[in-house]
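Student: Handing you a structure now.
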Amino acid sequence: MDKYCFENILIKNKDRVESLKAKTNKIVVFGAGNTACLYLKCFEAEGIDVQVFVDNNKNKSFTGGQVVSPDSLESECGQDVLVLICTSVDNTYHEIQQQMEGMGFLCCGVDEYVFAQRMPELLECYDSFEDEESRDLYAELIMWRMQHVDPCLPILHQEQYFAQRDFLTSSNNEVFVDVGAFVGDTIERYLHKKEGVFGKIYAFEPDKDNYQALVYRLERLQREWGIKDGRIFPVNCGIGSKKSFRKVYRPSGTGLGSMVVDSAGDKEHLQNVDIVTIDDYFLEQKVDFIKADIESYEYDMLLGSSKLIKRDRPKIAICIYHNATDMYRVMLYLKNLNLNYKFQLSHHSVTKSETVLYAY
């Protein structure tokens, strides 16, 4: 998709959202599930003052605020509200849109709303990619998130976090930092891609149950690859913008998609966790490659990594799909460090998840 076409799509979206905003400045969000949890950082960054959260299941456990049923929305907030639909599933979006419009409420998607306010940033990102394939992919992904229809994506790249040639180069001295290591799946692939050639590996995982599985897997991998002790380091903590103490929320009690949260929700699925910064942890250790998938905390990680990034200029493979804001601000943050990073983009799922920005 060329820039002229992309810009016209953004302009049409902006005009539509501006017409909705002209009718009301009261915002409610439809959705109180995992996607809404991921978007709390987005609402904060964009200055979106959410009056209330709406969900067809008003009994959902949610860390973001009050949840009401659609039938209670008018009595709680009045009819004069704009409903931002917060879901990553297209069919669900259209069902909610039909439901809200049928009840007489104005509505649009959260991504549509955010992107309407961020046209200059989106176009700067588009222009900043190193190759035409990345620019095309970026435009298609933005359009998909705004229009909620199947995109014309290129063939999906299977090598997540290693999709670019520079990320496959092996070195006996490479220090790899896996932020959001989960149960060690990326580290296992890293060892295969690098043919066991590396310097050190640091694996950060805040979820205690995931961490136990990670340690078990790393012990197996060290035996299988004949790796001596003192080269792979699992760390049971989260990564953020500053040292702190937070909670880890396990959606539905599972370890997949575990996320650090700023406020408490369902006590049953919360764990305590220490948060550290990359800058502090690697004060005296050079880092060559950072991979990050931490459920909307990627930008916070960058804020706490600026000194190291300026010092070492590591390769970075970082997820940007968790919320609309990260689709532009992660890249622009790295660009504005003025380290002459080159940027490419890959997408690794048939859903809207697993969009990875490569900076090298």
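The values are calculated or read from the model by the stated rules, or taken from the named source; none is laboratory data. Keep in mind that what you see is a predicted model, and the values were worked out from it rather than measured. Counting neighbours? That spans all protein chains shown, and the Cβs are built from the backbone with ideal geometry, glycine included. Side chains are part of the model used for accessible areas, which takes the heavy atoms of the whole protein and leaves out ligands, DNA and RNA. Shrake-Rupley method; radii C 1.70, N 1.55, O 1.52, S 1.80 Å.
Student: If I ask for residues that are touching a strand residue (DSSP E or B) at 6+ places or on another chain (Cβ under 8 Å) and at pLDDT below 95, which ones from the range 219-236 would you list?
Tutor: none
Student: If Ala22 meets every condition in (1) small (Gly, Ala, Ser); (2) touching an Asp or Glu at 6+ places or on another chain (Cβ under 6 Å); (3) surrounded by fewer than 16 Cβ atoms within 10 Å (Cβ to Cβ) apart from one, which number is that one?
Tutor: Evaluating Ala22 over (1) small (Gly, Ala, Ser); (2) touching an Asp or Glu at 6+ places or on another chain (Cβ under 6 Å); (3) surrounded by fewer than 16 Cβ atoms within 10 Å (Cβ to Cβ) leaves (2) as the failure.
Student: Checking Asn57 against (1) modelled with pLDDT under 95; (2) surrounded by fewer than 21 Cβ atoms within 10 Å (Cβ to Cβ); (3) assigned to a helix (DSSP H, G or I); (4) touching a strand residue (DSSP E or B) at 6+ places or on another chain (Cβ under 9 Å): exactly one of these is not met. Which one?
Tutor: (3)
Student: Next question. If you go through the range 150-171 one residue at a time, do you hit one that is in a helix (DSSP H, G or I), open to solvent by 70 Å² or more (accessible area, probe 1.4 Å) and either touching a Phe, Trp or Tyr at 6+ places or on another chain (Cβ under 9 Å) or under 30 Å from Lys286 (Cβ atoms) (or both)?
Tutor: yes
Student: In this structure, does Glu205 turn out to be charged (D, E, K, R), out of contact with any Pro (no Cβ under 6 Å at 6 or more places or on another chain) and buried (at least 20 other Cβ atoms within 10 Å of the Cβ)?
Tutor: Yes, satisfied.
Student: Tell me which residues, restricted to the range 93-107, are open to solvent by 50 Å² or more (accessible area, probe 1.4 Å), within 18 Å of Asp150 (Cβ to Cβ) and either without any contact (Cβ under 8 Å) to a residue 12 or more places away in the chain or touching a strand residue (DSSP E or B) at 6+ places or on another chain (Cβ under 6 Å) (or both).
Tutor: Answer for the range 93-107, where residues must be open to solvent by 50 Å² or more (accessible area, probe 1.4 Å), within 18 Å of Asp150 (Cβ to Cβ) and either without any contact (Cβ under 8 Å) to a residue 12 or more places away in the chain or touching a strand residue (DSSP E or B) at 6+ places or on another chain (Cβ under 6 Å) (or both): just Glu95.
Student: Count, please, the residues in the range 1-19 that happen to be open to solvent by less than 50 Å² (accessible area, probe 1.4 Å), assigned to a helix (DSSP H, G or I) and either closer than 13 Å to Tyr113 by Cα or aliphatic (A, V, I, L, M) (or both).
Tutor: 4
Student: Output the number of residues of the range 305-319 satisfying the condition of being over 19 Å from the mean Cα position of the chain (by Cα) and hydrophobic (A, V, I, L, M, F, W, C).
Tutor: Here the count works out to 2.
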